[in-house]
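The values are calculated or read from the model by the stated rules, or taken from the named source; none is laboratory data. As the structure is a prediction and not an experimental result, all values here were calculated from the model. Positions of Cβ are backbone-derived with ideal geometry, glycine not excepted, and every protein chain shown enters the neighbour counts. SASA here: full protein model, heavy atoms, side chains in, ligands and nucleic acids out. Shrake-Rupley method; radii C 1.70, N 1.55, O 1.52, S 1.80 Å.
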Amino acid sequence: MYKIFYQPEGYWFGDCMPYCKDGTFYLYHQRDTRNPGPMGEPFGWSLATTTDFLNYKDYGTVIEHGRNDEQDQYIYAGSIYETSKNKYTAFYTGANKIFKSKGIPSQKLMKATSDDLVNWEKKGITDQIAPQEGYDVYAWRDPYILWNEDKQEYLLVLGAREPGDNRKKTGRLVSFTSKDLEKWDFKGDFWYPHLFTMLEMPDIFKIGDWWYLIVSEFSEKNKMIYRMSKSLDGPWLAPEDDAFDGRAYYAGRTSTDGKKRIFFGWVPTKENDNDLGNYEWGGTFVPQEVYQKEDKTLGLKPLESIWEVFNDEEKLNDIDLNKVDGNVEKVIVQNTGECFRFETTFTFSDETRYISLYLYENELEEAYEYRISLAEKKIYFDKTPNWPWYQYMSKGLERPINLKAGIEYELKLIVDDDIAVLYIDGIALTARMYNKPGMLLSLSVTNGSLYTKNMKIGRIREKGKYGL
């Protein structure tokens with residue numbers, strides 16, 4: 001069976017620290033053995049490189065984790081920066097679970113250097129970026145570094161919180177500055193919204209006149225959010241829709257080759273590979289392209305290289321569905337297979353209540369469903385029918401979407417075995433699904449009308465090329 005999205009054989013993909021050099025993307029990431037469960041065994045940083053997000057070169061572990069009595073028993077997230085030509089520094093989080101159980105500060109920033117982005121030499125703890133007074137010594141992680149052109153200095157931000165009960169919403173970003181990456185000055189809170197218990201995986205980049213700040217939070221919606229500002233000093237403004245995806249896409253950072261900016265996030269597995277299970281840490285790497293919309297907010301779309309690999313394309317007939325009171329459904333593909341893409345352009349009438357796309361459907365109309373609720377201005381992912389109640393743990397699998405009657409919208413869907421990613425108007429919604437009832441693909445409309453055109457399904461012609 002084909003596999004498009006990357007997951008190292010025998011491992012689960014964790015937080016990614018991407019870096020791009022001469023058109024090659026370097027994916028520094030954690031590999032989880034799931035022994036005996038998520039994050040059970042210590043890990044360092046592993047590396048895979050790619051130019052097209054279809055073919056990967058695996059280098060294995062390139063920064064080894066330390067012993068159980070060392071600070072970097074686990075190597076959590078960090079950031080890579082080119083300090084001079086072909087000289088690179090990685091700042092990362094050394095975390096020791098045994099230290100925490102003994103009341104010893106368990107998370108500290110550490111450093112490694114490299115001449116080629118593959119071979120790294122660890123340099124130990126960076127004492128100048130140690131947890132500061134008034135902050136939790138067990139939550140000091142995920143540094144991100146960039147060059148501040150306006151102030152001619154390096155800016156390093158990381159996730160932190162106040163000491164005390166982890167249920168308190170004291171999560172914030174703090175910052176340090178440096179002229180040379182050696183001497184660091186603590187600048188205090190960089191962003192403290194009083195909304196979350198902890199913030200992880202900060203990322204900062206600029207498009208045009210706007211700066212964008214991305215964080216992952218796990219106390220409210222357990223997903224990535226962003227803010228925007230005309231200045232690195234803030235204020236950081238919340239767009240109406242401040243997220244990129246739903247619960248099933250997490251810990252994404254970005255990198256750019258100068259042409260496109262890519263999100264490097266992962267799709268979590270579910271407990272016991274079960275639709276009813278809760279989400280687990282780590283899973284499968286899924287790249288998505290992030291872009292700036294006309295209103296300067298951000299949207300997601302599929303990568304062109306991944307979209308075009310489905311080169312066996314079949315055109316489908318247009319459909320026109322109408323139902324004044326109730327639901328009408330049309331099967332559009334009899335056998336999708338387990339690796340395909342689908343696209344269409346659609347419009348709908350004013351009174352329309354729902355539009356649904358059904359995946360892996362069978363003759364009993366059991367399926368996974370993407371439902372656009374036009375009155376609620378939301379899109380959901382769930383199982384249908386949910387009988388016996390309930391068949392799918394869908395908490396967090398919804399996104400705001402504000403579509404207007406009579407306007408044409410593009411819908412794009414990528415399905416890779418147990419992962420689905422849907423795109424409409426810059427909105428993305430990713431899901432993980434395990435119990436596939438059938439192989440039908442269908443569309444439906446409730447209390448209104450739906451017209452689709454330019455419908456196509458794409459599969460992969462060349463067998464074996466992209467199997468992992």
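For Cα extents along the principal axes in Å, the listed values are [x] 87, 56, 49; [y] 74, 60, 42; [z] 68, 45, 44; which was obtained by calculation from the structure presented?
The calculated read-out lines up with [z].
Given a 1.4 Å probe, how much area per residue of the range 344-468 is accessible, in Å²?
Values: 5270 Å² over 125 residues.
With the other protein chains kept in place, the range 344-468 gives 42 Å² per residue.
Does the range 313-459 come out rounded, prolate or oblate by the C-alpha gyration tensor, with a ≥ b ≥ c the root eigenvalues, rounded set by a/c under 1.5 and, if not, prolate when a/b is larger than b/c and oblate if not?
It is rounded, given that a/c, with a ≥ b ≥ c, falls under 1.5.
Please compute, over every Cα-Cα pair in the range 1-147, the percentage with a separation greater than 21 angstrom.
45 percent
Could you pull out the trypsin sites (Lys or Arg not before Pro) across the range 175-216 that fall in loop regions by DSSP (anything but H, G, I, E, B) with no more than 16 other Cβ atoms inside 10 Å? Don't skip to the end; give the middle numbers.
On the way: sites: Lys179, Lys183, Lys187, Lys206; in loops: Lys179, Lys183.
Sparse-neighbourhood loop trypsin sites (Lys or Arg not before Pro): Lys179, Lys183.
Which length gain, in nm to one decimal place, applies between Val328 and Asn86 when the Cα-Cα distance is subtracted from 0.36 nm times their residue separation? Please report the intermediate quantities before stating the final value.
Working: separation 242, 0.36 × 242 = 87.12 nm, distance 6.06 nm.
Extra length from Val328 to Asn86 when fully extended: 81.1 nm.
With a bin width of 5 angstrom, please list the P(r) values of the range 180-233 as percents of all Cα-Cα pairs, from the 0 bin to the one holding the largest distance.
Distribution as computed: 4, 15, 24, 21, 18, 13, 4, 1 percent.
What is the sum of charges around Asn274, taking Lys and Arg as +1, Asp and Glu as -1, for the other residues whose C-beta is under 14 Å from the C-beta of Asn274? Mind dumping the intermediate values first?
Details: positive: Lys270, Lys383, Arg432, Lys436; negative: Glu271, Asp273, Asp275, Glu280, Asp418.
Net of charged neighbours comes to -1.
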